[in-house]
Amino acid sequence: MSTDAIVLLKQDHQEIKKVFTAFEKAGENAHAEKGRLVNKMIELLTVHTYIENEVMYPRVRELLPEVEDDVLESYEEHHVADVLVMELAAMKPDAERFTAKTTVLIENVRHHIDEEEDEWFPKVRSGLGRKALQEIGAEMEEARKKAPRSPAQPSALKKTIDAVIS
């Protein structure tokens, strides 16, 4: 298995997008299935944003200062997703705005994924090279082991609260 940071993040993106597609294909009244899929989204997004925020973004920012604006924008896009995830985690799947809120989350995250994969990852790959990306990927895999799985976990909640007040 590759430890290339970009390869690892793209694998996460694929898994996240599969859950998005399954949600979109679920029937209008498939509340239990939608609830299960949103719980899976929440877990995947919480872990993914944790490893990016804790490892990938700080390391890239340190090694490639010329992409700092991209990193700052990504932090803000994560913040928007974090807020939506926290709201969804507190909602019941049959709530009036559950599907609409999930749709907004999906649209925002897809936009973020597209920007990362089409614009940011190529800059990072050319700026850092294979060895640095493998080292960062190994750090990300270590961080994944301790990553929160839901926004209600203390470390995830603290990060979200810190992001909201800063």
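Pairs needed: first member in the range 88-110, touching a residue at least 12 places away in the same chain (Cβ under 8 Å); second member anywhere, assigned to a loop (DSSP other than H, G, I, E, B) and not hydrophobic (A, V, I, L, M, F, W, C); C-beta distance under 6 Å; at least 6 residues apart or different chains.
From residues that are touching a residue at least 12 places away in the same chain (Cβ under 8 Å), the pairs are 89/151.
Applying the selection to the range 26-60, what residues are surrounded by 16 or more Cβ atoms within 10 Å (Cβ to Cβ) and either touching a strand residue (DSSP E or B) at 6+ places or on another chain (Cβ under 9 Å) or among the small types (Gly, Ala, Ser) (or both)?
26, 35
Hey, any hits in the range 32-46 for a residue that's outside any helix (DSSP H, G or I) and in contact (Cβ under 8 Å) with a residue 12 or more places away in the chain? If you could, list the steps in order and put the result at the bottom.
Here is the first cut: in the range 32-46, the residues outside any helix (DSSP H, G or I) are none.
Scanning the range 32-46, I find no residue that is outside any helix (DSSP H, G or I) and in contact (Cβ under 8 Å) with a residue 12 or more places away in the chain, so the answer is no.
Of everything in the range 81-98, what is of a type outside the set (D, E, K, R), assigned to a helix (DSSP H, G or I) and buried (at least 18 other Cβ atoms within 10 Å of the Cβ)? Give them in sequence order. Outline the logic, then answer.
Step one: of the range 81-98, the residues of a type outside the set (D, E, K, R) are 81, 83-86, 88-91, 93, 95, 98.
Applying the additional criterion that residues be assigned to a helix (DSSP H, G or I) yields 81, 83-86, 88-89, 98.
Those that are of a type outside the set (D, E, K, R), assigned to a helix (DSSP H, G or I) and buried (at least 18 other Cβ atoms within 10 Å of the Cβ): 81, 84, 85, 86, 88, 98.
So that you can scan it fast, the table gives a plain yes or no per residue for (1) farther than 15 Å from residue 46 by Cβ; (2) at pLDDT below 95; (3) out of contact with any helix residue (DSSP H, G or I) (no Cβ under 9 Å at 6 or more places or on another chain):
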site: 86; (1), (2), (3): no, yes, no
site: 109; (1), (2), (3): no, no, no
site: 117; (1), (2), (3): yes, no, no
site: 129; (1), (2), (3): yes, yes, yes
site: 132; (1), (2), (3): yes, no, no
site: 139; (1), (2), (3): yes, no, no
site: 143; (1), (2), (3): no, no, no
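Given the conditions (1) within 18 Å of the chain's Cα centre (by Cα); (2) among the charged types (D, E, K, R); (3) at pLDDT 95 or above, and given that residue 70 satisfies all but one, which numbered condition is not satisfied?
(3)
Would you point out the residue of the range 128-153, among those that are basic (Lys, Arg) and assigned to a helix (DSSP H, G or I), that is surrounded by the fewest Cβ atoms within 10 Å (Cβ to Cβ)? Quick ask: steps written out before the conclusion?
Applying the first criterion (basic (Lys, Arg)) to the range 128-153 yields 130-131, 144-146, 149.
Pick out the ones that are also assigned to a helix (DSSP H, G or I) and you get 130-131, 144-146.
Values: 130: 10, 131: 9, 144: 16, 145: 7, 146: 10.
That would be 145.
Residue-wise test of (1) more than 15 Å from the chain's Cα centre (by Cα); (2) of a type in the set (A, V, I, L, M, F, W, C).
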| residue | (1), (2) |
| --- | --- |
| 19 | no, yes |
| 26 | yes, yes |
| 32 | yes, yes |
| 44 | no, yes |
| 51 | no, yes |
| 57 | no, no |
| 82 | no, no |
| 87 | yes, no |
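The values are calculated or read from the model by the stated rules, or taken from the named source; none is laboratory data. In this text the structure is predicted, and so the values were computed from the model without any measurement. Don't worry about glycine lacking a Cβ; one is built from the backbone with ideal geometry, like all the others, and counts go over all protein chains shown.
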